[in-house]
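> Before we start, here is the structure in question, set down as structure tokens.
The values are calculated or read from the model by the stated rules, or taken from the named source; none is laboratory data. Bear in mind the structure is a predicted one, so any value in this text is a computation, not a measurement. We place every Cβ from the backbone using ideal geometry, glycine too, and count neighbours over all the protein chains shown.
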Amino acid sequence: MCAIIGIFGLENARNLAAKGLEVMKARGMDNTGIEADENNALGHNLHAIVGNVKQPLKGKGILVSNCEIYNWKELSRKHGLNAENDSDLVFKMFENDMLPEMIEELDGDYAVAYWREGKVIIARDNIGVKPVWFSTKNGDVKGKDNKACFGFASEKKALESAGFEGIEELNPRKMIVYDIKKRNITERKRKFFSIKPEHKQTKEEIRIRVTELLQEAVRKRVPQKSVGLLFSGGIDSTMIAVMLKRLGVDFTCYTAALDSETEAEDVVYARKVAEALGLKLKIIKIKLEEVEGYLRKIVPLIEDSNVVKVGVALPFYVCCETAKRDGIKVILSGLGSEEIFAGYERHKRSININRECYSGLLKMYERDLYRDDVVTMSNSIELRVPFLDKELVSYALKIPSVYKLSGERNKIALRDAAAKLGLDNEFAERKKRAAQYGSRFDKAIEKLAKKSGSRTKSEYLKGFYIQGNIRLGVLFSSGKDSAYAAYVMKRQNYDIACLITIKSRNTSSYMFHTPAVDLSSMQAEAMGIPLVVQVTEGVKEKELKDLEKAIKQAKKEYHIEGIVTGALFSDYQRKRIEKICEKLGLKVFSPLWHKNQEEYMRELLDNGFRFIMTAVAAEGLDKSWLGREITQEDIKKLSEIHKRLGINVAGEGGEFESLVIDSPMFRKRIEIKEFEIKEESENTAVLDIKKAVLEEKN
């Protein structure tokens, strides 16, 4: 991996580019280059794995790239480009105007920028393994037109060092073009994978094909020098180790964990697997008193204080620190296997397994890939992820769900492949253990948080990165789910920049909550959060245009980078929201997705949420439920009705609607002064709120 940066429309562009490259110097220490004119500059730090070719590359235009293209020789022959390496191939592709078709032929991971004739084109691989951030706003430009400037870089912090604000990550499914003269950005949509049609092959044929594709994915990612492997003893890293042995590669496995009285599970399994397969293994144990020192480095490095992200980053960083001392320049990871082979709990609860896999892949660039990239590159090591290989992903997304999940057994195709290769059943069938738990580093963070007097792990970690995580808009209905989703993200140190409410004139809208939605403005006031309101007629599918309009407004006014939804199980809603956000280049967060409904309802009350029902429409419910505050005893009753009649305890199927009258995010509480109950039938009724006010909390 390398570092790329571009600064356009600023008088000191060359100096700012140089400053950004210095911030990212760990990404490439073999060579540095800058090409610039009076107000514009492109810069590059080289991390050489095979050769040492200095960038930027110059011709009719100028190119900087951070890429590993595995089929560059084949493409060079096919298109007659006579390329000398993968970067040269991409350069000649741009020089010969072979966009956008040829970029979809690239097999590998890349982030590239090409400057020519007043335009800058930026693209990255469509999963997002290689990072790119950009902005058109520079806070250091005083009294001038901010739109005149544009910047991009491999890391967010590099742009911050150059004074840029409102920085956002490039959605991998978009290619952007910045026009220096017109000072605007245009977008080109990129292709992504498909989940249809599913393969018609037998289980054995699928097993064989998975084995072939994984071995090829590993082979193409191994340089001539020795490599490292982030190793937990789980099925994913173990399968990569098996493939490396089959290929005769010289490699070392690295496992990191908390040094505790009870040995971490990952250490136990890593040692067992290494002994069984004859692997070279290094185990690094970190004492509790050392962990905080690592947190001071890691949390600002990944620019995120999310507990899960930090917990995963810790063992990664510790492993890479040792690998760097060993002279390792490339390290492999099993990241991506859970998404393509259905290894998470949410896959088990999903109606459409491959759709869930697809949805997870869309989010990986925000959730996992940037974190892992900056952690490895801070140690001057390049991360390669075989399970995110283009051909393997394309094939795996079309494997029928029966070959992915059955009962409690997940990742069937991969586990069967492991067994056929001779892997012991204990290792082939080991259940998923997330890195932060298998290494016991989550337990370390918990202990340190308590010791510091922090109420939560999130609160403790926020002390290492006070800027807060990315800015989010919340699709807010006035009900419990959207309000609690906002609360969950807030607790994880995300910045809730605004609420977005859609007021539908259609009371039977497929997408939007309608009872008491007018009170969302009062709730927004109670939380001190700006509110964007959009009215829609509520016509099925057409109402999505109004939702898109509202989200666009929120992005423009409040510079949000992502959207929060309160979806629990409604794939109808989530799929459509994801589609809109992909179009607008926004990330999607659904923190309640597939939570156990009864546990979720109890969690709401345990966390200080107070809410009432504003409508009922299901057998087992009647008007007596309306207007009164819901209690733990009510949740018990809902659970009993669920057992008898099958209703959703959380009302996800439209059985009831809710209104939050108080929560930990409310500075004031809502008091309902006057209301009327309109009963349509024995099991259908609506609460018509006539008067409500905000009152001080006791």
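> So, of the residues in segment 261-279 that are aliphatic (A, V, I, L, M) and crowded, with 23+ Cβ neighbours inside 10 Å, which turns out to be farthest from SER226 (Cα to Cα)?
Here the answer is ALA264.
> Just a yes or no: is a residue in segment 397-404 hydrophobic (A, V, I, L, M, F, W, C), over 20 Å from the mean Cα position of the chain (by Cα), crowded, with 22+ Cβ neighbours inside 10 Å and modelled with pLDDT of 95 or more?
Checked segment 397-404: at least one residue is hydrophobic (A, V, I, L, M, F, W, C), over 20 Å from the mean Cα position of the chain (by Cα), crowded, with 22+ Cβ neighbours inside 10 Å and modelled with pLDDT of 95 or more.
> Can you name the residue in segment 405-437 that is within 14 Å of ILE353 (Cα to Cα) and basic (Lys, Arg) and is also surrounded by the most Cβ atoms within 10 Å (Cβ to Cβ) among such residues?
By that ranking, first place goes to LYS411.
> Tell me the residue from LYS137, LYS174 that is touching an Asp or Glu at 6+ places or on another chain (Cβ under 8 Å) and closer than 21 Å to GLU582 by Cβ, please.
The unique qualifying residue is LYS174.
> It is to be established whether one or more residues within segment 670-692 are at pLDDT 95 or above, within 36 Å of the chain's Cα centre (by Cα) and outside any strand (DSSP E or B).
no
> Separate question: Just one of the numbered conditions (1) assigned to a strand (DSSP E or B); (2) crowded, with 17+ Cβ neighbours inside 10 Å is not true of MET601; which one?
Evaluating MET601 over (1) assigned to a strand (DSSP E or B); (2) crowded, with 17+ Cβ neighbours inside 10 Å leaves (1) as the failure.
One line per residue, one yes/no per condition, for (1) touching a residue at least 12 places away in the same chain (Cβ under 8 Å); (2) over 29 Å from the mean Cα position of the chain (by Cα); (3) crowded, with 24+ Cβ neighbours inside 10 Å:
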{"residue": "ASP259", "(1), (2), (3)": "yes, yes, no"}
{"residue": "LEU281", "(1), (2), (3)": "yes, yes, no"}
{"residue": "CYS320", "(1), (2), (3)": "yes, no, yes"}
{"residue": "ARG325", "(1), (2), (3)": "no, yes, no"}
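> Give the residues of segment 60-95 that are over 30 Å from the mean Cα position of the chain (by Cα), under 21 Å from CYS2 (Cα atoms) and part of a loop (DSSP other than H, G, I, E, B), sorted by residue number.
GLY61, ALA83, GLU84, ASN85
> Scan segment 18-40 and tell me whether some residue there is closer than 18 Å to ASP373 by Cα, basic (Lys, Arg) and surrounded by 23 or more Cβ atoms within 10 Å (Cβ to Cβ).
Within segment 18-40, one or more residues are closer than 18 Å to ASP373 by Cα, basic (Lys, Arg) and surrounded by 23 or more Cβ atoms within 10 Å (Cβ to Cβ).
> Could you run through segment 210-239 and say how many residues are under 26 Å from ASN410 (Cα atoms), touching a strand residue (DSSP E or B) at 6+ places or on another chain (Cβ under 9 Å) and among the β-branched types (Val, Ile, Thr)?
Selection size over segment 210-239: 1.
> Answer yes or no as to whether VAL273 is within 23 Å of LYS420 (Cα to Cα), of a type outside the set (Lys, Arg) and at pLDDT 95 or above.
yes
> Is it the case that LYS130 is modelled with pLDDT under 95, touching a helix residue (DSSP H, G or I) at 6+ places or on another chain (Cβ under 8 Å), of a type in the set (Lys, Arg) and buried (at least 16 other Cβ atoms within 10 Å of the Cβ)?
When the stated conditions are applied, LYS130 does not pass them.
> So which residues in segment 405-463 are in contact with a strand residue (DSSP E or B) (Cβ under 8 Å, 6 or more places away or on another chain) and among the hydrophobic types (A, V, I, L, M, F, W, C)?
Listed by number, the residues that qualify are ILE412, PHE441, ALA444.
> I would also like to ask the following. Pick from segment 489-542 the residues that are in a loop (DSSP other than H, G, I, E, B) and modelled with pLDDT of 90 or more: which of them is farthest from LEU472 (Cα to Cα)?
GLY528
> Specify the residue that is surrounded by the most Cβ atoms within 10 Å (Cβ to Cβ); the eligible residues are those in segment 459-486 that are without any contact (Cβ under 8 Å) to a residue 40 or more places away in the chain and part of a helix (DSSP H, G or I).
By that ranking, first place goes to TYR460.
> Give all pairs with beta carbons closer than 8 Å in which a residue from segment 594-610 that is on the phi > 0 side of the Ramachandran plot meets a residue that is surrounded by 18 or more Cβ atoms within 10 Å (Cβ to Cβ); count only pairs at least 6 apart in sequence or on separate chains.
Every condition considered, the pairs that remain are HIS594/SER350; HIS594/LEU568; HIS594/PHE569; GLY608/ASP662; GLY608/SER663.
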